[in-house]
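J.: Below is one structure. I have some questions about it.
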Amino acid sequence: MNWSVSTYDSAFGYVSAHGAPLVDLLDPQPGEKIIDLGCGTGTFSAEIAERGAEVLGIDGAPEMVARASTLNPGLSFTIGDAHDFSTSEPFDAVASNAALHWMTRDPDAVIARVHGALRPGGRFVGELGGAGNCAELIAAMQTAWRVFGLGEPELPWYFPTPAEYAARLEDGGFTIRLLEHADRPSRMTECPDGAADWIRIYAPSALIDVPPELVEPLLTRVNELAAPALRRESGWVADYVRLRFAAVRKPDGSTPLP
């Protein structure tokens, strides 16, 4: 499923958004100053830097920033909360890869901080989980929790619809150039135990209040529930749905709504 708000213009190099590396959509130019927001261990930051841009990686987890600095000597990384970070000078672009859906406290505040970090006409490019992301995995979790008489599991993500995120970007002072919502089933190579491992890695907070003796039987039940939809002969597949966008900060005088 694809939902396109607008087409590219001269602010972006021509590239098909679906399936293309996000760095191609960003199209970093030599000498540009670019923020990688939610940089994790710096993989995406390194891809940006390979294009000749000057990159600053920002992440709220000190251990991620430390690891990024170790893995990518020569690149700049700093600890910062995406909801309230600030910069001393304007940047040409802010990019974010698979991180915005973790920034759940106030998505509008994140967009406002990005707006404040960019020069007029600066680019905001990102990819996050969209509405329907991991629907089968989440349904298996919720059913298993009910079977074991537990309360609804706490989910640590924000998966907006295309219309919702488009409205947030427009209200936040951006003009959308492209917005795409697409299924992207992905091999769970890091999860040999399937949905159970996926929960251990990506939703450990949901297990905090589960009695220790119930954790393993609970996760076994999740696997049983998720397997018909997500287990293949070649291994487990996550039912990812991705929301990818490219937007530009409106010129000065076009202020974001309060």
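Taken together, the values in this text are just the output of simple stated rules run on the coordinates, not laboratory data. Just so it is clear, the structure is predicted and the values come from calculations on it, not from any experiment. With ideal geometry, Cβ positions are generated from the backbone for all residues, glycine too; neighbour counts draw on all protein chains shown.
J.: With only alpha-carbon atoms counted, please give the Rg and Dmax of the stretch 36-106, in Å.
T.: 11.4, 33
J.: Mind putting a number on the dipole of the chain about its Cα centre? Charges go on the C-beta only, +1 for Lys and Arg and -1 for Asp and Glu, and I need it in Debye to the nearest 20.
T.: 340
J.: Using the Cβ atoms and a cut-off under 13 Å, what net charge is assigned to the surroundings of residue 78, where Lys and Arg are +1 and Asp and Glu are -1?
T.: Residues near residue 78 contribute -3 overall.
J.: Another question, then. Direction-averaged shadow area of the convex hull around the Cα atoms of the chain, nm²?
T.: 14.8
J.: Give me the compactness ratio for the stretch 139-258, meaning the Cα radius of gyration over 2.2 N^0.38 Å.
T.: 1.40
J.: Which whole-angstrom value gives the distance between the alpha carbon centres of the stretch 143-170 and the stretch 28-90?
T.: Each part's Cα centre sits 28 Å from the other's.
J.: Calculated from DSSP H runs of 4 or more alone, at -39500 (n - 2.57) each and per residue, what is the 222 nm mean residue ellipticity of the chain, nearest 500?
T.: Computed mean residue ellipticity for the chain: -9500 deg cm²/dmol.
J.: Along the stretch 51-62, what does the Karplus equation 6.51 cos²θ - 1.76 cosθ + 1.60 (θ = phi - 60°) give for ³J(HN,Hα), rounded to whole Hz, x for Gly and Pro?
T.: 7, x, 7, 8, 10, 10, x, 10, 8, x, 9, x
J.: I'd like to know which of 159, 25, 64 lies farthest towards the positive end of the charge dipole of the chain, counting +1 on Cβ of Lys and Arg and -1 on Cβ of Asp and Glu.
T.: So the residue we want is 25.
J.: Further question: In nm, to one decimal, how far is the modelled label at residue 183 from the one at residue 233, with both set 7 Å along Cα→Cβ?
T.: 2.1
J.: Mind pulling up the Rg/Rh value for the stretch 93-162? Radius of gyration and Kirkwood radius, both on Cα.
T.: Using Cα coordinates only, the ratio equals 1.13.
J.: So, one more: Under the Karplus relation 6.51 cos²θ - 1.76 cosθ + 1.60, θ = phi - 60°, what is the ordered set of whole-Hz ³J(HN,Hα) values for the stretch 222-238, x standing for Gly and Pro?
T.: 4, 4, 4, 6, 7, 4, x, 8, 10, 9, 10, 4, 7, x, 7, 10, 8
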